[in-house]
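A short worksheet on the structure shown next.
Each value in this text was obtained by applying a stated rule to the coordinates, not by laboratory testing. What you see is a predicted model, and the numbers here were worked out from it, not measured in a lab. Note: ideal-geometry Cβ built from the backbone for every residue, glycine included; neighbour counts use all protein chains shown.
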Amino acid sequence: MISRRSFCKKSLLFAGGLAIPLSCLELFDPKRLLAEKDQKGPRWVFLVDTRKCVGCGFCVKGCKVENEVPYDANVTRTWVERYVVTTDGKTHIDSPKGARDGFPNKGIDIGHGKLEEIKDDDIDKAFFVPKLCNQCDNPPCVQVCPVGATYQTADGVVLIDRSWCIGCGYCIMGCPYGVRFFHPVFHVAEKCNFCYHRITKGMQTACVDSCAFGARRVGNLRDPEDPVTKVIMTERVNVLKEEYGTKPQVFYLGLSKEVK
Amino acid sequence: MKSHVWRPLFVVLVVIALVLVARTLLVPADFGVGARGYMYGWHRAGNEQQWKDMKVKYKTAAFCKDCHPDKYDEMKESPHRNINCENCHGPALNHPDDPKSLTIDRSRELCARCHTRLPYPNSGRGIMKGIDPKTHNVGLDCVTCHWPHDPRKEGHKK
């Protein structure tokens, strides 16, 4: 007859013994070691200079056309936000149609077709911040996908397999930056992929090409001679929502505390 | 042991076998762990190529330059030199095989994207030349007076 004490002891020992070979497998999985060691090829990153952005919205227009995002649907892979901080300490933020047509009105779009007018003398600071997918090193959107439809490539870009996505929407909820949305035509998750068809051909992304002010740049972090890498390594760059631990790879120059 | 113990076991084995057969039939052969490991790289490898094969629509000024060197050179001397041809002329798409595919935008709204005066002190916008589109020659196209390729020159004359 086995006693309760010895049963507990033996089962704990058994479970512990089982865990040892499992942890060994985890530590010495050659595929994973190879993947972590392999640093060949590019690692695409993005650099946004908010001081240069004038809010023309050509990047949003170019992106929507290039990536076949329905032009009049209120969804977009990239967008530009306007921040107006007034002397009373309030921050007014808007992005009408994602700034697809720029910012045609001086007033702040507060929804329902209404504008909030701000006097020129009341403005403490005002600036534009372009947003796009951060292609995080720890992408939460990829972790939550139940079917393996979204994944990260070796060069750091997070892609979506349109034929495999079931449209559950977990990734749209999981992204802390709100860059994902439902594609109105394909009915699957959609997001910025740094124009993967362009950067893999040695071109720039559509938004970078349409920016006349040099506010947007795409670069390869694994190339120390890349001008974008040099800026990221030597200048005072910042990222969005660092506290989430997602390791975002879109770097910002001239970011202000009002930007979220 | 008696058969009433073995029978459900056989049923379970048949179910497992069916699931495995269905899996090999339904899951594409290239589905597996990619470069970023199981957590971030679990995917169908063929999809990467599908994204790479997407059609390039904006072909940049370097593409326009081959046939329109005069326009390209005029632009390079202009204050508008950093603006890509396709920002106003539309994406090249199948141009020049299909010239009609270009959609040239001469609207006031296009110019107003940058030249609506917004007095923002901390952004590049604050130092840009701007007008109030509600009062500045309402109803007229900007290109009537301003030549878009080089705004220092006079515009289209009708």
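Quick look at the numbers
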| read-out | value |
| --- | --- |
| For A:Met233, B:Met54, order by how many other beta-carbon atoms lie within 10 Å, fewest first | A:Met233, B:Met54 |
| Rounded to 10°, Cα long-axis angle of helix A:4-27 versus longest principal axis of chain A | 50 |
| Relative contact order (%) - chain A, alpha-carbon pairs under 8 angstrom, separation at least six | 25 |
| Fewest-first sequence of A:Lys52, A:Lys191, A:Lys119 by Cβ atoms within 10 Å of each Cβ | A:Lys119, A:Lys52, A:Lys191 |
| Within the protein assembly as shown, helix-based [θ] at 222 nm, where runs of 4 or more DSSP H residues each add -39,500 (n - 2.57), nearest 500 | -8500 deg cm²/dmol |
| Alpha carbon convex hull of chain B, volume per residue in cubic angstrom | 292 |
| GluC sites (Glu not before Pro) within the stretch A:87-190: DSSP coil, no more than 16 neighbouring Cβ in 10 Å | A:Glu117 |
| Most mobile of B:Pro69, B:Pro91, B:Pro121 in a GNM of chain B (Cα contacts under 10 Å) | B:Pro121 |
| Measure of compaction for the stretch B:1-46 (Cα Rg per 2.2 N^0.38 Å) | 1.81 |
| Given charges at beta-carbon only (K, R positive; D, E negative), |dipole| of the stretch B:102-158 in Debye | 100 |
| Check: the stretch B:60-144 dipole with +1 on Lys, Arg Cβ and -1 on Asp, Glu Cβ, in debye | 500 |
| Scattering profile of the stretch A:113-162 at q = 0.19, 0.26 Å⁻¹ [log10 I(q)/I(0), Debye over alpha-carbon scatterers] | -0.69, -1.08 |
| Orientation-averaged projected area, Cα convex hull of the stretch A:140-190 (nm²) | 3.4 |
| In Å, descending, principal axis extents of the Cα set of chain A | 87, 43, 41 |
| Fluctuation leader among A:Arg100, A:Arg236, A:Arg77 - chain A, Gaussian network, Cα springs under 10 angstrom | A:Arg236 |
| Normalised contact order of the stretch B:1-125, rounded percent, pairs of Cα under 8 Å and 6 or more residues apart | 13 |
| Base-10 log of normalised Debye intensity for the stretch A:36-97 (one unit scatterer per alpha-carbon) at q = 0.15, 0.24, 0.27 Å⁻¹ | -0.67, -1.07, -1.20 |
| Charge dipole magnitude, Cβ of K and R +1, D and E -1 - chain A, Cα centre, debye nearest 20 | 1020 |
| DSSP H segments from chain B that extend 18 Å or more along their own axis, Cα-based, with Kyte-Doolittle mean of 1.6 or above | B:3-26 |
| Mean Cα-pair separation over length for the stretch A:81-219, i.e. relative contact order, pairs under 8 Å, 6 or more apart, % | 15 |
| Separation of alpha-carbon centers, the stretch A:207-244 and the stretch A:59-117, rounded to whole Å | 23 |
| For chain B, built as a Gaussian network whose Cα springs stay under 10 Å, the top-fluctuating residue of B:Cys85, B:Cys67, B:Cys142 | B:Cys67 |
| Rg/Rh ratio calculated on Cα atoms of the stretch A:112-197 (Kirkwood radius) | 1.14 |
| Over the stretch B:60-144: Rg over Rh, Cα atoms, Kirkwood Rh | 1.03 |
